[in-house]
Amino acid sequence: TNPKDPIAIERLNLMNMAKLSIKGLIESALNLGRTLDSDYAPLQQFFVVMEHCLKHGLKSKKTFLGQNKSFWGPLELVEKLTPEAGEITASVKDLPGLKTPLGRGRAWLRLALMQKKLSDYMKTIINRKDLLSEFYEANALMMEEEGAVIAGLLVGLNVIDANLCMKGEDLDSQVGVIDFSMYLKDGSHSSKSPEGDGQITAILDQKNYVEELNRHLSASVNNLQAKVDALEKSNTKLTEELAVANNRIITLQEEVERVKEESSYLVESSRKVRLPIIADGQVLGEARKQLKEETQLRLDVEKELEVQIGMKQEMELSMKMLEKDICEKHDALVELRQQLEELRSVNQEMLHRSQSSETGVKQKNEVISRLEEKTNQMASAIKQMEIRSKQAERDRDLAEEANRLFKQEFGDKIESLQQEAEQLRKQKYELFFFLLDLSSLIYGDTYFMWNVSKTHLQTLGRGSQLTKQCRNCMGVFCECCVVHELPLPSSINPQQVCDPCYTALLQQYASTPP
């Protein structure tokens, strides 16, 4: 298929519209859950789409009113190919109020849908392209594979129950215009996805189809306008000829009256003069002959006048029908223009959304580039930190190795120094105890106390530290040995004393009389 072929584009657009119409009708009917009637909008649009599909590539038949396209002829073939379809054809022909083949074709589609045989009938006639070639062009939708696709899609309509009453419905003069607003969807949910791109493509195809249909309708309107102009000129000419004929009739009537007067005058004069019978008979014969000729001429003129009047009435009827057709085409054109404006607004809105999405994508790309730059910086920083970490590990290993070597080298010296320090600590305690002994000799009363302190210090071992001083004996003890407080003669406030002094002072205070 040539993508630039306008006929192929029309076929594809009609097939897509048929898909949308059938899918929407099935979904809405199943959601509705009841029998469909004639006023159901998706069902009406389905019949309009089917009518456009059947009219595509239809050969024109020349009539007095111009070229006429009707798909009733192909539908009549079904009766010959499928005998059970004869009931539908007979019912259509018996319906009152159907005057045109277009109305009969619309009624046939409705009855076939109610019978749930529409798909079967369409497949039957599509398979006989030798018979369809009489009615359709070679590149028509019914002659190509798109027709078979549509016939296959019609199988899904067998799940729908329809009860269509066609009495009182004007099927002859309905204007079949596709309402594209029923099939337009909001593309906000998936404008960035491939499905949103497919919807945009479908809408653009619909827009191209509407524009192509608008061009065809404009051409049809121009042709009809040219025909109207020609008919107006012909009507004007016929009016002029009718006026001339009327004038001629008046003249002939005057001549007939004059002949009658002359004949009567001749009769009277013959009576008065009493001419010879032969002369009188000759004059009377001539008068009768002339009267007969004038009468025949008058009859001819009256017949011609009746013919002219009949032609005038037929022209007036054709003018009225053409005016009605032009009005319908104009209404359809106005509706198509409105739909085209809606499509343009939708297209503009989608273009705006596309631009806004492109702007958002650019901003996100900028953010992504900045994040990538930061990521690269962080990666470089991580690499540097890894290098530093490896360097620190190497330094730590070197330090541990140096420490190990240091311990290995100076371990013996440290151990000997610790032994010397322990010996010095022992000497220190020995000297301290020696001083305590000297003090006990000097302070005899407190010898027991010092002895206890000495014993206590010996039990503490070398790990204890002497940090607190007793305020009574002035000795230095550990923290746990100086926890009591007693008033001393040398001070008013209680002072900290060691355990031996605390015991001795309590005994002294107890033995002292009050």
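Structural remarks
- Residues of the stretch 324-367 satisfying the condition of being of a type in the set (A, V, I, L, M) and surrounded by 11 or more Cβ atoms within 10 Å (Cβ to Cβ): ILE326, ALA332, LEU333, VAL334, LEU336, LEU340, LEU343, VAL346, MET350, LEU351, VAL361
- Hey, MET142 surrounded by 16 or more Cβ atoms within 10 Å (Cβ to Cβ) and touching a Cys at 6+ places or on another chain (Cβ under 9 Å) or not: yes
- Residues in the stretch 124-139 that are over 16 Å from PRO6 (Cα atoms) and among the aliphatic types (A, V, I, L, M) were compared, and the one that is surrounded by the fewest Cβ atoms within 10 Å (Cβ to Cβ) is LEU131.
- Restricting VAL244, VAL273 to residues that are at pLDDT 65 or above and not assigned by TED's automatic domain parsing to the domain that holds TRP108 narrows the list to VAL244.
- One residue alone among GLN427, GLN384 is within 25 Å of VAL476 (Cα to Cα) and at pLDDT 80 or above, and that residue is GLN427.
- Residue in the stretch 86-102 that is within 30 Å of ASP39 (Cβ to Cβ), within 39 Å of the chain's Cα centre (by Cα) and either exposed (fewer than 15 other Cβ atoms within 10 Å of the Cβ) or acidic (Asp, Glu) (or both) present: no
- Residue identified as assigned to a loop (DSSP other than H, G, I, E, B) and at pLDDT 85 or above among GLU146, GLU134: GLU134
- Only one of GLY281, GLY285, GLY310 that is exposed (fewer than 11 other Cβ atoms within 10 Å of the Cβ), farther than 30 Å from ASP172 by Cβ and modelled with pLDDT under 80: GLY285
- Unmet requirement for SER318, which otherwise passes all of (1) over 30 Å from TYR265 (Cβ atoms); (2) exposed (fewer than 13 other Cβ atoms within 10 Å of the Cβ); (3) of a type outside the set (A, V, I, L, M, F, W, C): (2)
- Filtered residues of the stretch 232-247 (kept if within 15 Å of GLY310 (Cα to Cα) and of a type in the set (Asp, Glu)): GLU241
- Within the set LEU405, LEU398, LEU297, the sole residue that is in a helix (DSSP H, G or I) and assigned by TED's automatic domain parsing to the domain that holds ASN235 turns out to be LEU297.
- Inside the stretch 212-258, residues that are closer than 30 Å to ASP331 by Cα and touching a Ser or Thr at 6+ places or on another chain (Cβ under 9 Å) make up a count of 1.
- Some residue of the stretch 59-72 being crowded, with 18+ Cβ neighbours inside 10 Å, at pLDDT 85 or above and among the small types (Gly, Ala, Ser): no
The values are calculated or read from the model by the stated rules, or taken from the named source; none is laboratory data. Source: prediction; values computed, not measured. In this analysis, Cβ positions are derived from the backbone assuming ideal geometry, glycine residues included, and neighbour counts consider all displayed protein chains.
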